[in-house]
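Worksheet: the structure to be examined is printed underneath.
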Amino acid sequence: MHAHQKTSPSLYELLEALPEGLTGEILNGQLYTQPRPSGPHVLAASELGYELLGPFERGRGGPGGWWIVQEPALEGDAWREIGRFAGAAPVSAAPFEAVTIRLDDLWAPTE
């Protein structure tokens, strides 16, 4: 007689079963979880999207033809850091060299 074998859920099944308020992604065969983005994070992402939409999606002052999405699903690849920026300096980063953004325009004043 064989003992009943319990099978573990797949990574995808674990991802699909995450509780509300928790997001996750599978990178290099491992499940990573994090809480949903905070209000300030969502605001910053929205402001950045607003700045990039005209030039990169619509071609207003930029190349156009891009799709700008805030939470894409990654399949088989991972995000790569392309730089770190702070202060009020104008920033442009590959592949968005055509548009310069002032970081202080994206954040509420801290003073």
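Residue-wise test of (1) aromatic (Phe, Trp, Tyr); (2) at pLDDT 65 or above.
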{"position": "Trp67", "(1), (2)": "yes, yes"}
{"position": "Ala78", "(1), (2)": "no, no"}
{"position": "Ile82", "(1), (2)": "no, no"}
{"position": "Ala93", "(1), (2)": "no, yes"}
{"position": "Asp104", "(1), (2)": "no, yes"}
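Which one of these is loosely packed, with under 14 Cβ neighbours inside 10 Å and over 20 Å from the mean Cα position of the chain (by Cα): Pro35, Pro40, Pro9?
Pro9
In this structure, does Thr100 turn out to be touching a strand residue (DSSP E or B) at 6+ places or on another chain (Cβ under 7 Å), of a type in the set (Ser, Thr, Tyr) and at pLDDT 85 or above?
No.
Are there any pairs with C-beta distances below 7 angstrom linking a residue in the range 28-42 that is at positive phi to a residue that is surrounded by 10 or more Cβ atoms within 10 Å (Cβ to Cβ), with the two at least 6 apart or on different chains, and if so which?
Sorted first by the residue in the range 28-42, then by its partner, the list stays empty.
One residue is enough: does the range 43-63 have a residue meeting the conditions surrounded by fewer than 14 Cβ atoms within 10 Å (Cβ to Cβ), under 30 Å from Val99 (Cβ atoms), free of Cβ contacts under 8 Å to residues at least 24 places away in the same chain and in contact with a helix residue (DSSP H, G or I) (Cβ under 7 Å, 6 or more places away or on another chain)?
Yes: one or more hits.
The values are calculated or read from the model by the stated rules, or taken from the named source; none is laboratory data. The shown structure was predicted, so the numbers you read here are calculated from the model rather than taken from an experiment. Using ideal geometry, Cβ is built from the backbone for each residue, glycine included, and neighbour counts are taken over all protein chains shown.
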